[in-house]
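One structure is given here, and the rest of the page talks about it.
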2 protein chains.
Amino acid sequence: MTLPVRDDLLGKQPYGAPQLPQAIQLNVNENPFPPSESLIAAVAKAVAEATATLNRYPDREAVGLRFDLAAYLTRVTGVPLSVDQVWAANGSNEVLQQVCQAFGGPGRVALGFEPSYSMHPLLAAGTNTGWVAERRAADFTLTADAAVAAVARHRPAITFLTTPNNPTGTVTGLDVVDAVCQASDGMVVVDEAYAEFGGTVSAVTLLDRHPRLIVSRTMSKAFAGAGLRLGYLAAGAEVVDALRLVRLPYHLSALTQAAARAALAHTDELLGTVEAVKAQRDRMVDGLRELGLTVVPTEANFLLFGPWELPATTWQQLLDLGVLVRDVSTGPGLAGWLRVNAGTEDETSAFLAAVSEVVAARS
Amino acid sequence: MTLPVRDDLLGKQPYGAPQLPQAIQLNVNENPFPPSESLIAAVAKAVAEATATLNRYPDREAVGLRFDLAAYLTRVTGVPLSVDQVWAANGSNEVLQQVCQAFGGPGRVALGFEPSYSMHPLLAAGTNTGWVAERRAADFTLTADAAVAAVARHRPAITFLTTPNNPTGTVTGLDVVDAVCQASDGMVVVDEAYAEFGGTVSAVTLLDRHPRLIVSRTMSKAFAGAGLRLGYLAAGAEVVDALRLVRLPYHLSALTQAAARAALAHTDELLGTVEAVKAQRDRMVDGLRELGLTVVPTEANFLLFGPWELPATTWQQLLDLGVLVRDVSTGPGLAGWLRVNAGTEDETSAFLAAVSEVVAARS
């Protein structure tokens, strides 16, 4: 690089998993069930209506969409939320980037518990926020005591918690969230991107007690809308006001707002896929264990399986058999593990058959 | 604010013009001509196709869209551009934010020539990049000598040039761009958001001579797609590689990519509105001058008109008459000026009638 890029970017590589569309895609935690014909028609209709005034800027505040998101969260958590407690952006990555812009920055640090979502440190770096990481326990859990001790040690401006945690699928208890909120004078983000696949209570239920708590979610996973790029958060109204100071004006397009609202109007149908995904995930867990492998307990739509002596080799063997999984083994604390997400019944069967073949070949 | 927001955000207000949909909207430089029925149908069809796989992440590299954008720029500038020289994001604000993230940051400064687009300093602030501003000449022009002297004084990591300049409509000559590129060892951004409304040659023609030159554009204005949120840039392939290090993965949704490509397939139709917009702008210029007002020479779809002793009062009077313009008079060097963009024939007539009434009332 001969250009004057920022010093800390020199030698870096762009984030992202391989895009190999010819294989069965079980590597980026997508929902394997595509939208129904009726949802496709509803999205097209909503987008056509929005396109009629596409020469105009969209609603800068995305009030209608945020109202619908608040109603959805209220429905699934039982916590009454108003529109001014909900914020949305182009994927939860942008939501969390805005959180880092508003509450992080130079001279401040964000804290995470690794292994966890590898975008969190990148979002910190992209906003010139320092990053400190503490390790999870060997079984990838995180206790309140360990989390509180880390907060006391680093005094982070932002603490990232995750439940279920990516890439391990591990649940973080509300007791941990509650303790961290009490221990920290910074913001506490609970990333619940995969919450709908788990059975635990949302951290949204703690919002009324903790003004610095932020709960982020996404329509990419349970709502089967990875291509839509719609992330959101719930927090106090004052948090949302702070995000408005750093958001790019008109950051959510008229089409995104319209399409997301059409999808939210099909909530029952979309959440119907969640049970099917969980059923395939449970098949995966059982099938892998029957093959003698270890699977980390998961409440997400994905799981860690291993241990593999040469995970990169196993990854390639599975790809050669037509199945794309995620090699996370180079990440902190993840040596020997591969990650896979639940597919359709056929995809899950193909995955289990491929793993079976790899296991048979090595013994 | 009782929350621990970043210190430099304390007391700030969110960016944005009033959203008053009941008035004639001539305040945010939109194209007044909505998409045709055939374009609406094409966007809906493209979006429906993309929605069929909305459970999948979009193409992270947006290759098809960038190919189409490169073809468009090649067509209108005569400069052969390849896909790896073009980058796109959710509005040119996000494009420029990524430029600031990659090439700015703590310890570096960006330079602008004010009055200019008020988002440039906000994008610098949002990325912890310092901001220095030099003033344009009294007639809002910028000479190569003045620009080069400013570069020598501040040694900016990023220099923002604009042509036509918002909010003044003033053209910046290629000689200025060329001189700044030669004088600076930082990046030079030429913001050509309104270029299609002018008659001058694009800075894209200088790309082969200046590896640190970046030319940004948008589909919001000439392409009548403000609601689409699609900005893009042309630069060397190495610049695009650097932006990939800071862009959020999957930042462009599948729907945005599909809709933008559908709009680009209607380029001839959309650029047809440009002549109509220019005709109304010229009517505005003539009409305002006939009323005894001063209009700053413009090659954009908007113009500055004045001088007004009490611009906020005039703004309110015009709004009371049903026409929403932009009060830019509190900006640097803009005392006494209001900004208005060209509307449809009826909207332009209503605007001129309203101004006429205001002028008559004060004499």
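Which condition from (1) over 23 Å from B:V63 (Cβ atoms); (2) facing chain B (nearest Cβ under 9 Å); (3) free of Cβ contacts under 8 Å to residues at least 60 places away in the same chain; (4) among the small types (G, A, S) is the one that A:G16 breaks?
Going through (1) over 23 Å from B:V63 (Cβ atoms); (2) facing chain B (nearest Cβ under 9 Å); (3) free of Cβ contacts under 8 Å to residues at least 60 places away in the same chain; (4) among the small types (G, A, S) one by one, A:G16 breaks only (1).
Taking A:L69, is it at the interface with another protein chain (Cβ under 7 Å from one of its Cβ atoms) and either of a type in the set (A, V, I, L, M, F, W, C) or not in a helix (DSSP H, G or I) (or both)?
Answer is no for this residue.
Which numbered condition in (1) modelled with pLDDT of 95 or more; (2) within 30 Å of B:R60 (Cα to Cα) is the only one that B:L271 fails?
It fails just one condition, (1).
Can you tell me which residue is nearest to the other protein chains (Cβ to nearest Cβ) among those in the stretch B:50-66 that are in a helix (DSSP H, G or I) and farther than 13 Å from B:W87 by Cα?
B:T51
Has the stretch A:113-133 got any residue that is within 21 Å of A:A179 (Cα to Cα) and surrounded by fewer than 17 Cβ atoms within 10 Å (Cβ to Cβ)?
So far as the stretch A:113-133 goes, yes, one or more of its residues are within 21 Å of A:A179 (Cα to Cα) and surrounded by fewer than 17 Cβ atoms within 10 Å (Cβ to Cβ).
Considering each of A:S356, A:S363 in turn, give the residue that is over 17 Å from A:G198 (Cα atoms) and at pLDDT below 95.
A:S363
Can you go through B:V204, B:V215 and tell me which one is under 20 Å from B:V86 (Cα atoms), out of contact with any Phe, Trp or Tyr (no Cβ under 7 Å at 6 or more places or on another chain), surrounded by 22 or more Cβ atoms within 10 Å (Cβ to Cβ) and touching a residue at least 60 places away in the same chain (Cβ under 8 Å)?
Matching residue, one of B:V204, B:V215: B:V204.
State the number of residues belonging to the stretch A:280-320 that are under 23 Å from A:G225 (Cα atoms) and without any contact (Cβ under 8 Å) to a residue 60 or more places away in the chain.
1
For a quick check of your reading of the model, give me the residue pairs whose first member lies in the stretch B:146-171 and is over 26 Å from B:A102 (Cβ atoms), whose second is basic (K, R), with beta-carbon atoms closer than 8 Å and at least 6 apart or on different chains.
B:P167/B:R326; B:P167/B:R339; B:T168/B:R136; B:T170/B:R136
Can you tell me which residue in the stretch A:201-240 is farthest from A:V176 (Cα to Cα), limited to those that are in contact with a Ser or Thr (Cβ under 7 Å, 6 or more places away or on another chain), aliphatic (A, V, I, L, M) and facing chain B (nearest Cβ under 7 Å)?
Filtering first and then ranking leaves A:L228.
Looking at the stretch B:98-112 only, could you name the residues that are surrounded by fewer than 24 Cβ atoms within 10 Å (Cβ to Cβ) and of a type outside the set (A, V, I, L, M)?
B:P106, B:G107, B:R108
How many residues are assigned to a helix (DSSP H, G or I) and buried (at least 24 other Cβ atoms within 10 Å of the Cβ) when one looks only at the stretch A:180-195?
Residues in the stretch A:180-195 being assigned to a helix (DSSP H, G or I) and buried (at least 24 other Cβ atoms within 10 Å of the Cβ): 2 in total.
Residue-wise test of (1) touching a strand residue (DSSP E or B) at 6+ places or on another chain (Cβ under 7 Å); (2) acidic (D, E); (3) modelled with pLDDT of 95 or more.
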{"site": "B:L9", "(1), (2), (3)": "no, no, no"}
{"site": "B:A17", "(1), (2), (3)": "yes, no, no"}
{"site": "B:L20", "(1), (2), (3)": "yes, no, no"}
{"site": "B:A23", "(1), (2), (3)": "yes, no, no"}
{"site": "B:L39", "(1), (2), (3)": "no, no, yes"}
{"site": "B:K45", "(1), (2), (3)": "no, no, yes"}
{"site": "B:L54", "(1), (2), (3)": "no, no, yes"}
{"site": "B:L65", "(1), (2), (3)": "yes, no, yes"}
{"site": "B:V83", "(1), (2), (3)": "no, no, yes"}
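Only one of (1) assigned by TED's automatic domain parsing to the domain that holds B:V83; (2) in contact (Cβ under 8 Å) with a residue 12 or more places away in the chain; (3) touching a helix residue (DSSP H, G or I) at 6+ places or on another chain (Cβ under 8 Å) fails for B:E238. Which number is that?
So the condition that B:E238 fails would be (3).
Return the only residue of A:V47, A:V76 being more than 7 Å from chain B (Cβ to nearest Cβ), part of a helix (DSSP H, G or I) and among the β-branched types (V, I, T).
When all the criteria are applied, what remains is A:V76.
State all residues of the stretch A:241-266 that are in contact with a helix residue (DSSP H, G or I) (Cβ under 6 Å, 6 or more places away or on another chain) and more than 7 Å from every other protein chain (Cβ to nearest Cβ); if no residue qualifies, say none.
Across the stretch A:241-266, the qualifying residues are A:L243, A:R247, A:Q257, A:A258, A:A260, A:R261, A:A262, A:L264, A:H266.
Need a quick list: helices (runs of 4 or more DSSP H) entirely within the stretch A:86-177 having at least 1 residues that are over 30 Å from B:G104 (Cβ atoms).
Passing ranges, in order: A:144-154.
The values are calculated or read from the model by the stated rules, or taken from the named source; none is laboratory data. Bear in mind the structure is a predicted one, so any value in this text is a computation, not a measurement. Neighbour counts run over all protein chains shown; Cβ positions are idealised from the backbone, glycine included.
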